1. How do I234, I308 line up, fewest other C-beta atoms within 10 Å first?
2. Do any GluC sites (Glu not before Pro) in segment 1-104 lie in a loop, going by DSSP, with at most 13 other beta-carbon atoms within 10 Å of their beta carbon, and if so which?
3. Once the piece of chain linking S298 and K106 is laid out straight, how much longer is it, given 0.36 nm per residue of separation minus the C-alpha distance between them?
4. Multiply the residue separation of K117 and K246 by 0.36 nm, subtract the distance between their alpha-carbon atoms, and state the gained length in nm to one decimal.
5. Which residue, Q147, L173, S133, has the largest displacement toward the positive end of the dipole of segment 62-191 when charges sit on each Cβ (Lys, Arg +1; Asp, Glu -1)?
6. Tell me what the chain gives for mean residue ellipticity at 222 nm when only DSSP H runs of n ≥ 4 count, each as -39,500 (n - 2.57), the sum divided by the residue total, rounded to 500 deg cm²/dmol.
7. Order of I296, I102 from fewest to most other C-beta atoms within 10 Å?
8. What is the gain in length, in nm to one decimal, between K347 and E286 on full extension, counting 0.36 nm per residue of separation less the C-alpha to C-alpha distance?
Amino acid sequence: MGGLLSYSGITTKVRAMESHLITDRQFGEMSTLESVSDAVEYLRRLPAYGMIFSNLEGVELHRGAIEQRLILSQYQDFAKLYRFANLSQRKFLDLYFMHYEIDILKKCFRNALGHQKPEIDLSVFQDFFEKHSKLDLIRLSSSGSVQEFISNLDGSIYYDLLTHLDDVEHPSLFDYEIHLDLLYFKTIWKVKGKYLSRKEQKLLTDCFGSKLDLLNIQWIYRSKKYYNLQPADIYALLIPIEFHLKKEQITKLVEAGTLDEFFHALQTTYYGRLEDMDSSDNTELEMLAEEVLGKIYSATSRKNPYSIATLNSYLYFKEEEIQKIITVIESIRYGISPDEILSYVVKNQ
């Protein structure tokens, strides 16, 4: 009864917002459009994106401009839920917000490492971040080098972590991003018990535990294929949390001498048994992760509608939707066929 009383209002709000998520049929319609302008006009007619894509006169529809507006839509949805949430629900949302911070930091890192001008004007997000974060997006986005970027993080929880990476000879984007991800998941795993009930902890463990396992699987794969790292170096990169992926299974994946051996070991795990892992490429792994996480987030929300799972699920699927929109629009830009576009964003195509 407590969950029903405390979550009935925000669950109703989430259900209303879910009704505006883009359907497979609508993605199918988008995939047949002939130009980026047509795709943006299609979005402008949808309730969730009408205001975001209004007043486009004179705006060049390059990827950065479109992505900026889509991210802003995501932040606006978060803000709506935050305003509607009670104190307990806001504690979860404050915890979740770290994900947005790290996503922005990754974008800034890519620009700083490549000495490139940002594709996205982060100042647009400054008002939103000032309500939830201590990061100065304008200073960060104007950083001309990695050293200046890290210096502009002084006083944040990210500063010591990234300063330490200066000790690594020629740290790559992979080094910075994986350490940011490690910090995020370790923090979530450590503090979720301080703010959430036992039932809510269990719901988040189902979602985040699976996400951690699947990230470890993908990092092992990438470390072997793209970086040719030794097992000892791979172990140092992994999130030290076990869920469905057990220690002995991690060992077999890390110690695999070839990618074929890696995929053979993966087939014996909980995740390998869920899907038919008969091909050995990263696309298959990404499809596995998307399929598994989609089912878990849907199930936790469906079985526990008056709980934190409702918020967690909506924020996850909203972010997935934005990535699909970007994929569709960029595919249209490069002349990909509708059938192929649809295969990227709709399951079982």
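Read the figures in this text as sums done on the coordinates, not as results from a lab. All values derive from a computational prediction rather than experimental measurement. Counting neighbours? That spans all protein chains shown, and the Cβs are built from the backbone with ideal geometry, glycine included.
1. Working: I234 20, I308 29.
With the sparsest Cβ surroundings first, the list reads I234, I308.
2. When the GluC sites (Glu not before Pro) of segment 1-104 are filtered for loop state and at most 13 Cβ neighbours within 10 Å, E34, E57, E60 remain.
3. Working: separation 192, 0.36 × 192 = 69.12 nm, distance 2.76 nm.
Length gained, S298 through K106: 66.4 nm.
4. 42.1 nm
5. The residue sitting most towards the positive pole is S133.
6. Mean residue ellipticity, 222 nm, calculated: -22500 deg cm²/dmol.
7. Ranking I296, I102 by Cβ neighbours within 10 Å, fewest first, gives I102, I296.
8. 20.7 nm
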